[in-house]
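Student: Have a look at this one.
The values are calculated or read from the model by the stated rules, or taken from the named source; none is laboratory data. If you're wondering where the values come from, they're calculated on a predicted model, not measured in any experiment. Here the Cβ positions follow ideal geometry from the backbone for every residue, glycine too, while neighbour counts run over all protein chains shown. Side chains included, ligands, DNA and RNA excluded: accessible areas come from the protein's heavy atoms. Shrake-Rupley method; radii C 1.70, N 1.55, O 1.52, S 1.80 Å.
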Amino acid sequence: MIRVIAWNELHRRLRDRSVLIGCLAAPLLMAAVLGLSFAGGASATPVHIGVSGASPQMLTAALDASQLPKNVTVTTLPSQQSVKNAVASGTLDGGVAVLPSQLRLHTLLIPIVDPGATHTPGFDVVTKGTSPLGEEYAESVAAGISSVMYASRVPHMEATEAADPATVAVNSEEVGHGGKVNLNFFAPNIAVVFLFIGSGLGMRSLLMERSAGTLARITAAPVRPTQIVLGKLLAIFLTGMATIFVIWAVTTYGFGADWGNLLGVLLMAIGATAAMCGIGVFLTSLAKTEQQAFGITLLVGLFLALVGGNLLPSGSLPDAFQVIALGTPNGWALVGFGRLDQLGEPASSIIGPFVILLIIAVVAGGLAMTRVRRMVEP
Amino acid sequence: MIAVIWVNLRRAMGDRRLLIIGTLVPVVIILITGLLEGSPKEPIGLYHPSARLLHLAQTTDGIKVRIESSKTDLTDDILRGRVVAGIEQLPAPGNSVKANFLVESSTTDAVQARTDAVALMDLMAAEGSNTKFTDATLRATPVEAPLSPFWYVAPANLVLFMGIAVLVLSAGMVETRRLGVLQRLSAAPVRKRAIVFGQMASMMVTAVTMAIGLIFVGYVLFRVHWGDPLSVFLVILFLGISVAALAVIIGTWSRSQEQAIATAVIVAIIAGMLGGCVYQLSAVSTTVKNVGHIVPQAWAMDAFVKLISDHASFGQTLPEIGALAVFAVVLSVLAVWYYSRKVFSTT
């Protein structure tokens, strides 16, 4: 009987556009946007910087000091105005105009210790807010020029220092998944956010049935209330698993995301779905109308996603917030999926988060069952 | 048209969901994300730093460091996101400086960390052994206060939640249709576009009111200086018109309030993602950044970034305002056409 109710619920949900939108179309679109946004990574994007007011020798020394990566090219321009025009028109991502007449010793250090300063005497660091990388590399070039000029003004303690100036050599080394790190991080996290929304929509349907009177007709049949509730919860759970599966499939096969060990991903998907569905159903069972249920779904879902760290880059949360995040199922899902996709750990590493998610699912689900049973009992 | 506007406004003001989505939620999210984004930058992991590099890093405003006991720990912290990048200082002759820079991906934060670290190494190479000279010069060097840490999240959440709040109002159109009000209006001597513009105008009033409130809160609480007032007003106006027209289209298409709300929220979030409201567009490829400009949110964000970060004038934001005006016109025409076809169709 539970299977019949679950199947009927699933069938009804498939005919309901809002569920198709919330549980399938939306995750599919989100996964596609995430994949297109992060699949290639931003590291290979060429960045063009312009410089004026620096002699060729000074510029060569400055670029050597700046240790710019290969995707950054620097062009010499004739004047400060030409740098500004080129940045404004989009030809350049950033620029530096050196104004030697305004340079003082102490102001030479501003581009080095305060790169983002809006007023840098002696340098006009021309940037546009829409190109943060251009801004960073322009500041880097300014710091390089500044350090070359500073070196010529520092009284040298030893004769050899002037004759054989010190150099800087920085070698870049990539660790982990490189450019795909954002995709690997956001893909499971967005899936977790949608689990909550999907479970809320499922619970809302129970409230709609109650107001439409169909729930009363079901309870008149020889069906125990527990069976009705379990059937509904099973349908919500299966919809949640479908959501997470859609996002996993699209991001993995469409965009090359790596969620980590498959068994671990499956266990985390089950645990996260059960926990989010349990909490989603319990919280929306507190609602009196379907509008309230939807409101609770949206607001609580957003709040949990934010506090749980689903919407911010990996590791962004300060230490205190990371502890607070563990008070949410989102936080534990983040820990589990993070061990799999960020650290490449085996399935055994997620047993802890999986068990905790199951405990949350059992407790929240139990509370939800109690409340929902009262709704369906005649 | 005035009657349509008045009725819709009354319904919107009575909708607690809207009031919460339009006011409390964005303020709380701006506060939380701003505090997180604006908290001291993610630290740079240092492995085996020289005393001088460590001293300069610890005394420079805006740089936070974390000493790592081994390269494995450093790599682990990078992967876990505890540090944005790592520097492993290597032995070098004389006063030269040599280092490995470890990073997982070249995000803006990682590039910023690299810029900061290389600049300090340049200073070490430039000063040679005369560190006292540098320390004395640093004491005389003025350091400016940075932009408010909320400078990006405030406009990003304003644009995102303006979209969500207005699009959610499309559910009201569904209710109006369900009650038969739209059909009765169509029998009256009222032009189709007057009905559509009436619906849009009420949504516009809600959008602009909400935006003004958030701008005020952003200025007072979060110390965000929004820039040229005329530019800000036009950006909000045209964005509001664009989103209101889209809300009319969603409200006309949806069969139930729940469909309207679900569609509205999803469209608003995806448009927000493409427009740079959820993550900065600097994190994505140029192609995706360009494609993202098919939504008005991207142009609104470009305008706000120029106004707040670059202190752009009205003239400098004209391209973005012009693009938003085009979106407003095109989407409004589309809304009137679609509404006419759907509501007045005899099939």
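Student: Can you give the mean number of other chain Cβ atoms that lie within 10 Å of the Cβ atoms in peptide A:296-304?
Tutor: Whole-number average of other-chain Cβ neighbours for A:296-304 is 3.
Student: Here's another thing I want to ask about it. Could you work out the mean count of beta carbons from other protein chains within 10 Å of each residue's beta carbon in A:239-248?
Tutor: Mean inter-chain Cβ contacts per residue within 10 Å come to 0.
Student: In addition: Give me log10 I(q)/I(0) at q = 0.30 Å⁻¹ for segment A:85-137, Debye formula, one equal scatterer per alpha-carbon, no solvent.
Tutor: Taking Cα atoms of segment A:85-137 as identical point scatterers yields -1.17.
Student: Could I ask something else about it? Give the separation of the Cα centroids, segment A:64-107 to segment B:265-298, in Å.
Tutor: The two parts, judged by their Cα centres, are 29 Å apart.
Student: Roughly how many Å² of residue A:371 are accessible to a 1.4 Å probe, to the nearest 10?
Tutor: Ignoring ligands and nucleic acids, residue A:371 comes out at about 80 Å².
Student: Amide H neighbours of residue B:83 under 5 Å, counting only residues 5+ apart in sequence or on other chains, H built in-plane at 1.01 Å?
Tutor: B:78
Student: What's the FRET efficiency of residue A:91 with residue B:329 using the Cβ-Cβ distance as r and R₀ = 35 Å, to the nearest 0.05?
Tutor: With R0 = 35 Å, the Cβ-Cβ based efficiency is 0.70.
Student: If you take the Cα Rg of segment B:212-347 and divide it by 2.2 N^0.38 Å, with N the number of residues, what do you get?
Tutor: Numbers: Rg = 16.6 Å, N = 136, 2.2 N^0.38 = 14.2 Å.
Ratio of Cα Rg to 2.2 N^0.38 Å: 1.16.
Student: Sticking with this structure for a sec: Hey, can you rank A:101-108, B:150-157, A:127-134 by average C-beta count inside 10 Å, highest first?
Tutor: Highest mean packing first, the order is B:150-157, A:127-134, A:101-108.
Student: On a 30 Å Cα-Cα criterion, which of the cross-link pairs A:288/B:342; B:71/B:306; A:70/B:98; A:70/B:132; B:289/B:342 come out too long?
Tutor: Cα-Cα > 30 Å for A:288/B:342; B:71/B:306; A:70/B:132; B:289/B:342; rest within.
Student: In addition: What is the calculated FRET efficiency for residue B:58 to residue B:136, with r their C-beta to C-beta distance and R₀ = 22 Å, to the nearest 0.05?
Tutor: 0.75
Student: Viscosity 1.567 mPa s, temperature 4 °C: give me the Stokes-Einstein translational D for segment B:69-108 in µm²/s, with Rh taken as the Kirkwood radius over C-alpha pairs.
Tutor: For the chosen part, D equals 116 µm²/s.
Student: Roughly how many Å² of residue A:255 are accessible to a 1.4 Å probe, to the nearest 10?
Tutor: Accessible surface of residue A:255 is approximately 40 Å².
Student: If you average 1/r across every pair of different Cα atoms in segment B:247-326 and take the reciprocal, what Kirkwood value do you get, in Å?
Tutor: 13.9 Å
Student: So if I average 1/r over every pair of distinct C-alpha atoms in segment B:295-347 and take the inverse, what Kirkwood radius in Å does that give?
Tutor: Across segment B:295-347, the inverse of the average 1/r is 12.8 Å.
Student: Starting from a Cα-only point model with no solvent, please compute log10 I(q)/I(0) by Debye for segment A:235-297 at q = 0.17, 0.21, 0.29 1/Å.
Tutor: Debye output, listed in q order: -0.67, -0.85, -1.16.
Student: Further question on the same structure: Roughly how crowded by other chains is peptide B:91-101, in terms of the mean Cβ count from those chains within 10 Å of each of its Cβ atoms?
Tutor: The per-residue average across the peptide is 5.
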